[in-house]
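Okay, so here's the structure we're looking at.
The values are calculated or read from the model by the stated rules, or taken from the named source; none is laboratory data. As the structure is a computational prediction, the values presented were derived from the model and not from experiment. So basically every Cβ, Gly included, is an ideal-geometry build from the backbone, and we count neighbours across all protein chains shown. These accessible areas exclude ligands, DNA and RNA; they are computed on the full protein's heavy atoms, side chains included. Shrake-Rupley method; radii C 1.70, N 1.55, O 1.52, S 1.80 Å.
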Amino acid sequence: MPEIPVVDLSNLDAHRITNELHQAFSTVGFVYLKNHGIDREKVDNVFKISRDFFQLPENVKQNYPRDKEQFDGYTGRDQEILEDSSVHEIREAYDVTSPTSRYPDDRVPQFRSAICELANSLRQLTNNLLKFMALALGKCLYSLLRLEEDYLCNRHRHIFDGVDKNGTILRSLYYPPFVGDVIVQPGVVRCGEHSDYGTITLLLQDDTGGLEVLSGKEWIAATPIAETVLVNLGDLMQFWTSDRYVATVHRVKIPEIEIGRQSTAARQSIAFFVQPDNGVMISSLMDDDGSISQRQPVESLSYLKLRLSETYKY
Ligand SMILES: O=C(O)CCC(=O)C(=O)O
Ligand SMILES: [Fe+2]
């Protein structure tokens, strides 16, 4: 059974880390990071304050509807469907793209500062990862295209500076509990099968479980491991690397043991969907035979808009 590897960032041995990341991204496409430097308190704080928001009545939450142009605000159940065959996707989310995005300040005043503190740490970790990834890619490409350490960082200078500059989204996710004798029908999921859209996603999950990753034809559980960040690649990165790295399909199911119980746990997670700066043209670095790719380049923001427009049901 393939497994999602754990990479330890405590001693920054570039050689070891690049090799381990390279191995993970070119096979299962997911990796856990431990000793990543993100303060647990900041994460727990966002979980707690997000709960304060998600537990508000639906009509209150709907006062902050997600804005299609700004990519910020609240998305309710079934408003975003990731898998065509889903009957329901029982998930709520609040998205922001910068410290000045729309936040529910009047209802949950600490939401903004809690998210911004965490976003800062996530941005730092992302920059470190992008350096390792550029080194890792440099190793597997032909020497002509050897990438300098800053190749990816230079194309991600404005992470969390807002959609005018960069489409990175921090999303707080809430999968509500199923209460009473709700019978979960086939086709009802928490999050339908999909791959992410951008460069990489950093995911912080609580201990509820349910996230699964497609490896070949098998679904493997991305079991929560305390104090880790789970990282996966998005489609843009797969394209950028000419499919050397994979944007693996994943989903969130309602854990079997929860079905039929009187009340089930809610699940919470925080996703940081990292996107290159607006205007960055992404070209496949190289085709398999070593020639420059013939695939048409794509522009970062247009690509993101296209993908988002395909999933929202309004
Ligand atoms: O909640 C999770 O664990 C994963 C969510 C996810 O894959 C997504 O929002 O893209
Ligand atoms: Fe995802």
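For the reader, a short list of remarks on this structure follows.
- Shape of the chain from the C-alpha gyration tensor: prolate (a/c of 1.5 or more and a/b above b/c, with a ≥ b ≥ c the square roots of its eigenvalues).
- Total charge dipole magnitude, the chain, about the Cα centre, Cβ charges on Lys, Arg, Asp, Glu only, Debye to nearest 20: 300 debye
- Top of ASP196, ASP235, ASP67 by mean-square fluctuation, Gaussian network on the chain, Cα under 10 Å: ASP67
- Theoretical ellipticity at 222 nm over the chain - DSSP helices of four or more residues, -39500 (n - 2.57) apiece, nearest 500: -8000 deg cm²/dmol
- Candidate cross-link partners of LYS131 among the aspartates and glutamates, defined by an alpha-carbon separation under 18 Å and a same-chain spacing of 8 or more, comprise ASP8, ASP13, GLU20, GLU148, GLU149, ASP150, ASP277.
- Protection proxy ranking, peptides 165-172, 248-255, average beta carbon neighbours within 10 Å, highest first: 165-172, 248-255
- Dipole size of the range 9-84 about its Cα centre, with +1 on Lys/Arg Cβ and -1 on Asp/Glu Cβ: approximately 280 debye, rounded to the nearest 20.
- Probe 1.4 Å, accessible area per residue of the chain, Å²: 44 Å²
- Residues whose placed amide H lies under 5 Å from that of ASP277, excluding near-sequence neighbours: HIS156, ARG157, HIS158
- Under a Gaussian network description of the chain, with springs only between Cα atoms under 10 Å, the residue in ASN120, ASN63, ASN278 that fluctuates furthest is ASN63.
- Mean separation of Cα contacts under 8 Å, 6 or more apart, over the residue count of the chain: relative contact order %: 22 percent
- Largest accessible area first, the residues GLU58, GLU80 order themselves as GLU58, GLU80 under a 1.4 Å probe with ligands, DNA and RNA left out.
- In percent, rounded to a whole number, the relative contact order of the range 1-98 is 19, using alpha-carbon pairs under 8 Å and six or more apart.
- For the range 6-311, share of DSSP beta bridges that run antiparallel, in % to the nearest 5: 90 percent
- Amide hydrogen proximity for LEU285: with H placed 1.01 Å from N in the peptide plane, the residues at 5 or more positions away or on another chain lying under 5 Å are THR241, SER242.
- In order along the range 239-246, phi translates into HN-Hα couplings of 4, 4, 8, 6, 6, 5, 9, 10 Hz, rounded to whole numbers, per the Karplus curve 6.51 cos²θ - 1.76 cosθ + 1.60 with θ = phi - 60° and x for Gly and Pro.
- Residue among MET133, LEU33, LEU12 farthest towards the positive dipole end of the range 6-311, charges placed on Cβ: LEU12
- By the rule of a C-alpha distance below 19 Å, with chain neighbours fewer than 8 residues away ignored, the aspartates and glutamates paired with LYS42 are ASP52, ASP95, ASP105, GLU117, ASP206, ASP207, GLU227.
- Surface composition of the chain: carbon plus sulfur atoms contribute 49% of the solvent-accessible area (1.4 Å probe, protein chains only, all chains present).
- Proximal lysines relative to LYS61, as straight alpha-carbon distance under 20 Å, when same-chain residues fewer than 8 apart are discounted: LYS48, LYS313
- Positive-end residue of ALA271, GLN62, SER113, charge dipole of the chain with Cβ unit charges: SER113
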